[in-house]
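Notes follow once the structure below has been shown.
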Amino acid sequence: MGKASRKKREMREKEEIRPQKERPEGGAISLCLNIIRWGIYLALFTPLIMSAKFFFPFVGPKSLYFMGLVEIIFFAWLILIIYSPQYRPR
């Protein structure tokens, strides 16, 4: 171990270990988390959707509903990773 790294280590050991302050979740962060959570819950109801107005009543509405829901969840996640780095992929 060199002289400089020994000095750095001693300085680190002398410093007080301060707990990191947890930032309170802001309005945008909690809103995005709720949108993602409820979007996942709503995705479970996809098999129950049917509409007679479509040419394929059992397939069309389900796919449109699911695609729209996934887009909403995705954009909420994008906003979430912009505001809070802890949710970014590593």
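None of the figures in this text is laboratory data; all of them are computed from the coordinates on show. Quick caveat: nothing in here was measured; it's all calculated off a predicted structure. Here Cβ is always computed from backbone atoms with ideal geometry, including for glycine, and neighbour counts include all displayed protein chains.
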Q | Rounded tilt (10° steps) of 3-14 against the dominant C-alpha axis of the chain | A | 70 degrees
Q: With everything on Cα atoms, drop me the angle between helix 27-43 and the longest principal axis of the chain, reported from 0 to 90° to the nearest 10.
A: 40 degrees
Q) How far is helix 60-83 tilted, in degrees, relative to the longest principal axis of the Cα atoms in the chain, given as a value from 0 to 90 rounded to the nearest 10? A) 20 degrees
Q | Segment residue 77-residue 7, length gained on full extension (0.36 nm per residue, minus Cα span) | A | 20.9 nm
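So if a site counts as exposed when it's one of the chymotrypsin sites (Phe, Trp or Tyr not before Pro), its DSSP state isn't H, G, I, E or B, and it has at most 16 other Cβ atoms within 10 Å, what's the longest stretch of the chain without one? Please list the in-between numbers first.
Details: sites that count: 45, 54, 55, 58.
The longest such stretch corresponds to 1-44.
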Q | Among [x] 77, 29, 18; [y] 53, 43, 15; [z] 61, 51, 17, the entry that matches Cα extents along the principal axes in Å as calculated here | A | [x]
